[in-house]
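The values are calculated or read from the model by the stated rules, or taken from the named source; none is laboratory data. Every value quoted in this text rests on a predicted model; they were computed, and no experiment measured them. Please note: Cβ atoms are built from the backbone with ideal geometry, for glycine as well, and neighbour counts cover all protein chains shown.
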């Protein structure tokens, strides 16, 4: 059906919900939305939603009772194109549509093409998404690759929803890890100069350090073999500059670009960290104890107060972060999205407390926790330790399986789930490989379009009349159209929930429906008939719509849609 019909049905459900909540004098929850899906059993309608199960408790009703109330209310609104709406099971709402509305789906897709699932929900709002942000102490690993894929996909989804999106990489380029990096490089460099300098106990042992030392030695010879205290700062900066170049090149080849690389080292010299501390002091939210300066974060929901200045006078880890998030908000961003590792769960309440303490809405900060990715070679688990030097870089994975397969695998699971990356599966050119399966759908339809041109002497022009689409009467064809119809809803939900893995699930299901339709062993399912008749034109319109949706979904994941495979 047209997107407008789904929106009308969704708006009607929410309107009825709001009416009941008002009558019951209940508080309406924030962010109420209707998620449509395709019932597995055709007898259960054309669309279904778990809306009543999701929101009944807020109205103090049982889901099944509430679903009946919603259905009765929506039916009284007499929405054109809505044939029937009824409660089912423990609280589902099943929706039955008039037959002709399915053909509007094809027309919508062919008319709007790549804009079929584009919305303006976020129009006028600015979002800054900060992701990857790996310390510039070594090449990007598989774990960083997952963050890069998720962050870029989220940025694409949010832009698709109308937000103005800014991508930022935060460079943690000051502090102890940079000193250790400089000492690690200096030790390796001194060996090349025929001299000794102790390698730090917790130094970076990867071969990339040896490579950097060799590069420096070939450029400068033994000129830095003098006093270490005068050269260690240079060593740290030299290593950082070179490693950052590798990181940027890897990200570019991975299809990820940033609008800004934000240096903590440079930021610390602007005075903005001191101003943030001063602001908290003016609000009487900091105090001194045991020679240190503490932030009263418990006042804003944190489990304990936090030290922001050590007794030595040094900032703690959180201090420049507080100022950095204030700086983001001062730059005019409405929403801050941070992608953090699994060891940062406890960091969320303190940062929200800091944002609130500085006078901003803590809801402006959205944090997505990215679980780790583990790489397997056969049954062998590969190490990921940068310090120990035994790690597999993102570059190696890209070289092994390609950027498309790597991105797709990183995006297949919810970020809450640990990811086991199967290298062997990612290289397979068969239906077992999820990315190959979806991309092959697009390539296969391109092949069908090419065969059409060869048979009839001209390219297929996707401008069918509505009457022609009435030829699409098979269940398999209707299943494809239904699946196409929910694509905008899936995209919008992926964007609002910050869950890009939903696009993979959708594309896999759509590809499965298409391949099943394509392989039907019967002349009545042949897409290109003997003549350029209405049935052939209708089926060409259908597969063209599938092609557009597959390409759009892959693009939202940052993955190519090949025409040949």
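What to note about this one:
- Counted residues, the stretch 192-215 - those being over 38 Å from the mean Cα position of the chain (by Cα) and part of a helix (DSSP H, G or I): 2
- When the stretch 311-321 is filtered for residues that are on the phi < 0 side of the Ramachandran plot and loosely packed, with under 14 Cβ neighbours inside 10 Å, the ones remaining, listed by number, are 311, 312, 314, 317.
- Filtered residues of the stretch 216-233 (kept if free of Cβ contacts under 8 Å to residues at least 12 places away in the same chain and not in a loop (DSSP other than H, G, I, E, B)): 218, 219, 220, 229, 230
- Residue 339 under 15 Å from residue 131 (Cα atoms), in contact (Cβ under 8 Å) with a residue 60 or more places away in the chain, surrounded by 15 or more Cβ atoms within 10 Å (Cβ to Cβ) and out of contact with any strand residue (DSSP E or B) (no Cβ under 9 Å at 6 or more places or on another chain): no
- Flag for residue 106 being closer than 19 Å to residue 34 by Cα and touching a helix residue (DSSP H, G or I) at 6+ places or on another chain (Cβ under 6 Å): no
- Screening residue 174 against (1) under 29 Å from the mean Cα position of the chain (by Cα); (2) at pLDDT 95 or above leaves a single unmet condition, (2).
- The set of residues in the stretch 260-300 that are closer than 21 Å to residue 174 by Cα and touching a residue at least 60 places away in the same chain (Cβ under 8 Å) comprises 260, 261, 262, 263, 264, 265, 267, 268, 276.
- Considering only residues in the stretch 31-56 that are in a helix (DSSP H, G or I) and touching a helix residue (DSSP H, G or I) at 6+ places or on another chain (Cβ under 8 Å), the one that is surrounded by the most Cβ atoms within 10 Å (Cβ to Cβ) turns out to be 52.
- The stretch 466-498, subset over 21 Å from residue 31 (Cβ atoms) and in a loop (DSSP other than H, G, I, E, B), residue farthest from the chain's Cα centre (by Cα): 467
- From the options 76, 113, residue that is surrounded by fewer than 17 Cβ atoms within 10 Å (Cβ to Cβ) and within 29 Å of the chain's Cα centre (by Cα): 113
A quick yes/no check of all residues on (1) touching a strand residue (DSSP E or B) at 6+ places or on another chain (Cβ under 8 Å); (2) at pLDDT below 95; (3) surrounded by 12 or more Cβ atoms within 10 Å (Cβ to Cβ):
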site: 197; (1), (2), (3): no, yes, yes
site: 204; (1), (2), (3): no, yes, yes
site: 208; (1), (2), (3): no, yes, yes
site: 215; (1), (2), (3): no, no, yes
site: 221; (1), (2), (3): no, yes, no
site: 233; (1), (2), (3): no, yes, yes
site: 242; (1), (2), (3): no, no, yes
site: 279; (1), (2), (3): no, no, yes
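- Residue within the stretch 253-268 that is within 27 Å of the chain's Cα centre (by Cα), part of a helix (DSSP H, G or I) and surrounded by fewer than 17 Cβ atoms within 10 Å (Cβ to Cβ) present: yes
- Failed criterion for residue 451 (all others in (1) touching a helix residue (DSSP H, G or I) at 6+ places or on another chain (Cβ under 6 Å); (2) farther than 19 Å from residue 558 by Cα hold): (1)
- Residue match in the stretch 458-477 (condition: out of contact with any helix residue (DSSP H, G or I) (no Cβ under 8 Å at 6 or more places or on another chain) and modelled with pLDDT of 90 or more): yes
- Some residue of the stretch 517-538 being assigned to a helix (DSSP H, G or I) and closer than 21 Å to residue 35 by Cα: no
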